[in-house]
1. In region 126-148, how many residues are within 19 Å of the chain's Cα centre (by Cα) and either surrounded by 17 or more Cβ atoms within 10 Å (Cβ to Cβ) or assigned by TED's automatic domain parsing to the domain that holds Gln283 (or both)?
2. Could you grab me the full set of residues in region 245-266 that are surrounded by 19 or more Cβ atoms within 10 Å (Cβ to Cβ) and over 21 Å from the mean Cα position of the chain (by Cα)?
3. Restrict the check to region 97-106 and report whether at least one residue is more than 19 Å from Ser9 (Cα to Cα) and out of contact with any strand residue (DSSP E or B) (no Cβ under 9 Å at 6 or more places or on another chain).
4. Could you count how many residues in region 208-247 are closer than 30 Å to Gln91 by Cβ and of a type in the set (D, E, K, R)?
5. Restricting the search to region 165-187, which residues are part of a loop (DSSP other than H, G, I, E, B) and touching a residue at least 60 places away in the same chain (Cβ under 8 Å)?
6. Search region 1-23 for residues that are within 20 Å of Asn63 (Cβ to Cβ) and pair each with any residue that is of a type in the set (S, T, N, Q) and in a helix (DSSP H, G or I) when their beta-carbon atoms are under 6 Å apart and the residues are at least 6 apart or on different chains.
7. What number of residues within region 267-307 are under 18 Å from Lys26 (Cα atoms) and either under 17 Å from the mean Cα position of the chain (by Cα) or in a loop (DSSP other than H, G, I, E, B) (or both)?
8. Condition first: in a strand (DSSP E or B), surrounded by 17 or more Cβ atoms within 10 Å (Cβ to Cβ), under 21 Å from the mean Cα position of the chain (by Cα) and not hydroxyl-bearing (Ser, Thr, Tyr). Can you find one or more residues in region 60-76 that meet it?
Amino acid sequence: MRNVIIIGSGCAGLTAAIYAARANLKPLVIDGYEPGGQLTLTTMVENFPGFPEGILGPELIENMRKQAQRFGAEFKAGAVSDVNLSRRPFQVVAGKETYQCGALIVAAGASARLLGLESERKLMGHGVSTCATCDGYFFRGKEIVVVGGGDSAMEEAIFLTKFARRVNLIHRRSEFRASKIMLERARANDKIQFITPSVVEDVLDPGKGAVEAVKIRHAQTQQTATLPTDGVFIAIGHDPNTKVFRGKLEMDANGYLITNNGSKTSVEGVFAAGDAQDHHYRQAVTAAGSGCMAAMDAEKFLEEHKG
């Protein structure tokens with residue numbers, strides 16, 4: 001029986017763990033599918049307060065983890081496969097273990113959808129990115145590619161024109177899911193060139209540890225071409241890691257948990273933080289802030305439900 005279980009070990013989960021541990025709640029943190037969350041996929045983080053020279057994403061996560069452990073947080077590897085939230089104590093199943101807790105914090109994050117290329121995976125953080133806000137600054141004066149056809153792809157492309165010399169937006173269809181206003185805004189930007197209908201087949205060159213070009217195939221003619229580029233931003237959406245909570249917690253049509261009055265979910269005693277409930281900001285610092293809120297809300301809840 002635990003006071004608090006935290007699902008997820010990214011910025012939100014680790015900040016919740018620091019606050020809960022300092023409140024002497026001895027939280028148990030279950031790492032989740034992606035231990036460390038999205039920051040482990042980035043190299044240099046330059047927009048997290050307190051690090052004027054920047055800090056490597058994995059290093060920032062490791063520091064947070066040590067900080068939580070110092071105050072008494074316990075960590076377990078593995079992913080949660082089932083939960084019972086119908087009554088307290090809540091039950092959480094991870095691997096072969098079943099845990100019980102008085103309060104639950106869901107900080108399971110969201111996973112960026114990827115193209116599924118081996119080269120994309122190998123070059124993640126070395127020229128391939130899923131976050132323009134995080135990494136755009138590193139591509140000043142360079143030519144880059146954005147892959148996608150929705151609003152997020154248009155937003156990323158427009159944002160990246162602040163830094164890049166040219167942005168090539170590649171989409172597999174000639175029609176776009178993006179809203180009319182976002183599409184018009186992107187088309188009006190003379191730094192953005194549309195390459196449609198085309199598919200990215202490969203990212204070159206993992207052997208050199210850096211992005212040099214993309215291999216693209218025209219969806220109708222099947223002709224292939226190599227387009228030199230310095231970076232590739234994948235903007236085809238995110239999937240919140242909330243499947244295990246379907247039918248148990250209120251969520252929107254895309255699976256993001258709905259919170260109100262801070263971090264409260266539709267079940268009393270269950271709180272949510274980070275990208276599992278935030279599809280708008282998705283930043284390390286906002287995830288950390290919401291993790292703090294969830295831990296404070298959980299502490300207050302446990303105080304009110306003693307005995």
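1. Selection size over region 126-148: 12.
2. Within region 245-266, no residue meets the criteria.
3. Taking every residue of region 97-106 in turn, none turns out to be more than 19 Å from Ser9 (Cα to Cα) and out of contact with any strand residue (DSSP E or B) (no Cβ under 9 Å at 6 or more places or on another chain).
4. Selection size over region 208-247: 3.
5. none
6. Once the first residue is within 20 Å of Asn63 (Cβ to Cβ) and sits in region 1-23, its partners that are of a type in the set (S, T, N, Q) and in a helix (DSSP H, G or I) give Ala12/Ser290; Ile18/Gln67.
7. Within region 267-307, residues that are under 18 Å from Lys26 (Cα atoms) and either under 17 Å from the mean Cα position of the chain (by Cα) or in a loop (DSSP other than H, G, I, E, B) (or both) number 5.
8. The answer is yes; a qualifying residue exists.
The values are calculated or read from the model by the stated rules, or taken from the named source; none is laboratory data. This structure is a prediction, so every number in the text was calculated from the model and none was measured. Cβ atoms come from the backbone with ideal geometry, glycine included; neighbour counts cover every protein chain shown.
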